[in-house]
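A.B. asks: Have a look at this one before I ask anything.
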Amino acid sequence: MTDSTIRTYSRESETEAETSTEAEETERCPECGGRVVSDAEHAETVCEDCGLVVEEDEIDRGPEWRAFDAAEKDEKSRVGAPTTNMMHDQGLSTNIGWQDKDAYGNSLSSRQRQKMQRLRTWNERFRTRDSKERNLKQALGEIDRMASAIGLPENVRETASVIYRRALEEDLLPGRSIEGVATASLYAAARQAGTPRSLDEISAVSRVEKMELTRTYRYIIRELGLEVQPADPEQYVPRFASGLDLSEETERMARELLDAAREEGVHSGKSPVGLAAASVYAAALLTNEKVTQNEVSEVANISEVTIRNRYKELLEASDTATPA
């Protein structure tokens, strides 16, 4: 064995040692030196000892299906984005991009741009070939717009799209506007998902009046047989507390006030939004955090009079529920 061969082997061993050392460092927690594991369900890498989140929002590059043999794998494999009810064609059709550039990033000539514009026009016409698809396209676009405006997650949009599709299939739209049924579907989906929004918040971003929204919502619920539980005031508390930048102690106190009010029957016949806003205001005062009624009313989108009335009732219920 020559000296050059020995030197080559030594370099390779040094490189392997450095690689293994880097791998060991990445597998150790930077805070406590504990072992880190990958949590595929939450897309995070966390430390087993101290719970530190080392990485978050990891990308799952594998398929969402499972295969147990080669034949099943070949049968299930596919390309493209998954189907979704949030698009009128469920995302199965093609779409021509708006950039007037070729595959190499070069700008197209004026003649080619005109040609691409004609192709886009015809592509849009072919994607919505009948009135039903045009109806779906307009309604699902409205649902996505309103959900983005009031910060509703994707699962709520998906549920609202399914509700609207059911209403369209069961012929519930004649005599009602597309915007009205779309808004009612979004409101029902938010209630079902446990992330409710008040009627005032929904109607503020909608193109229909509040009266039409409530009437259409009751009609959709009744005809489709949807099971929607009454909104719980506690579901509004985290959002209001976050909007006012209040502490976890205040949020916990607000929940305790609502629990005491429920035991005394104060919830009956009261708006859940008003109760939640009043509980947050009362809890902020009890924990010595500076919050005004005006600030709470702006976050909750209700009047200060409602907050004052519910605030007194919550404190009375809390005093009654507290043993002497």
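A.B. asks: Using θ = phi - 60° and the Karplus curve 6.51 cos²θ - 1.76 cosθ + 1.60, what whole-Hz ³J(HN,Hα) does each residue of region 237-242 get, with Gly and Pro shown as x?
C.D. replies: Per-residue couplings from phi come out as 4, x, 5, 5, 5, 5 Hz.
A.B. asks: Calculate one ³J(HN,Hα) per residue across region 290-296 by plugging θ = phi - 60° into the Karplus curve 6.51 cos²θ - 1.76 cosθ + 1.60, and present them in order as whole Hz with x for glycine and proline.
C.D. replies: 7, 9, 9, 5, 5, 5, 5
A.B. asks: Given 0.36 nm per residue, what is the gain on full extension from GLU263 to SER242 after removing their alpha carbon distance, in nm?
C.D. replies: Working: separation 21, 0.36 × 21 = 7.56 nm, distance 2.61 nm.
Roughly 5.0 nm would be gained on extension.
A.B. asks: 7 Å from Cα along Cα→Cβ at both TRP122 and ASN155: what's the point-to-point distance in nm?
C.D. replies: Output for this residue pair reads 4.4 nm.
A.B. asks: Assuming 0.36 nm per residue, please report the length gained on full extension of the stretch ARG166 to ASN309 beyond their Cα-Cα distance.
C.D. replies: 47.4 nm
A.B. asks: Would you mind getting me the FRET efficiency between CYS32 and ASN288? Use the beta-carbon distance for r and R0 = 45 Å, nearest 0.05. Numbers along the way, then the final one.
C.D. replies: Details: r = 35 Å, r/R0 = 0.78.
Given R0 = 45 Å and the Cβ-Cβ separation, E is 0.80.
A.B. asks: Rank these by accessible area, largest first, 1.4 Å probe: ILE302, ILE220.
C.D. replies: Largest accessible area first, the residues go ILE302, ILE220.
A.B. asks: Let me ask something else. Run through region 91-190 and list the GluC sites (Glu not before Pro) located in a DSSP loop whose Cβ has at most 15 other Cβ atoms within 10 Å.
C.D. replies: On the way: sites: GLU124, GLU133, GLU142, GLU154, GLU158, GLU169, GLU170, GLU179; in loops: GLU170.
Listed in order of number, the matching sites are GLU170.
A.B. asks: Follow-up. Just from the alpha-carbon atoms, what are the Rg and Dmax of region 187-324 in angstroms?
C.D. replies: Considering region 187-324 through its Cα atoms, Rg and Dmax are 15.6, 52 Å.
A.B. asks: Keeping the other protein chains in place, figure out the carbon and sulfur percent of the accessible area of region 195-304, with a 1.4 Å probe. Numbers along the way, then the final one.
C.D. replies: Details: 2520 of 5650 Å².
Heavy-atom surface of region 195-304 belonging to carbon and sulfur, 1.4 Å probe: 44 percent.
A.B. asks: Please list the non-local residues whose amide H lies under 5 Å from the amide H of LEU52, H modeled 1.01 Å from N, same-chain partners needing a gap of 5 or more.
C.D. replies: CYS47
A.B. asks: A further question follows. Please give the contour-minus-distance gain from GLU249 to ARG207: 0.36 nm per residue of separation, less the Cα-Cα distance, rounded to one decimal in nm. Write down the numbers at each step before the final one.
C.D. replies: Details: separation 42, 0.36 × 42 = 15.12 nm, distance 3.87 nm.
Going from the current span to full extension adds 11.2 nm.
A.B. asks: Give me the mean projected area, in nm² to one decimal, of the convex hull enclosing the Cα positions of region 231-305.
C.D. replies: If you wrap the Cα atoms of region 231-305 in a convex hull and average its projections, you get 4.4 nm².
The values are calculated or read from the model by the stated rules, or taken from the named source; none is laboratory data. In this text, all values refer to a predicted model and were calculated from it rather than measured experimentally. As a convention, Cβ positions derive from the backbone with ideal geometry for all residues, glycine included, and neighbour counts pool all protein chains shown. When the accessible area is computed, the model is the full protein with side chains, heavy atoms only, and any ligands, DNA or RNA have been set aside. Shrake-Rupley method; radii C 1.70, N 1.55, O 1.52, S 1.80 Å.
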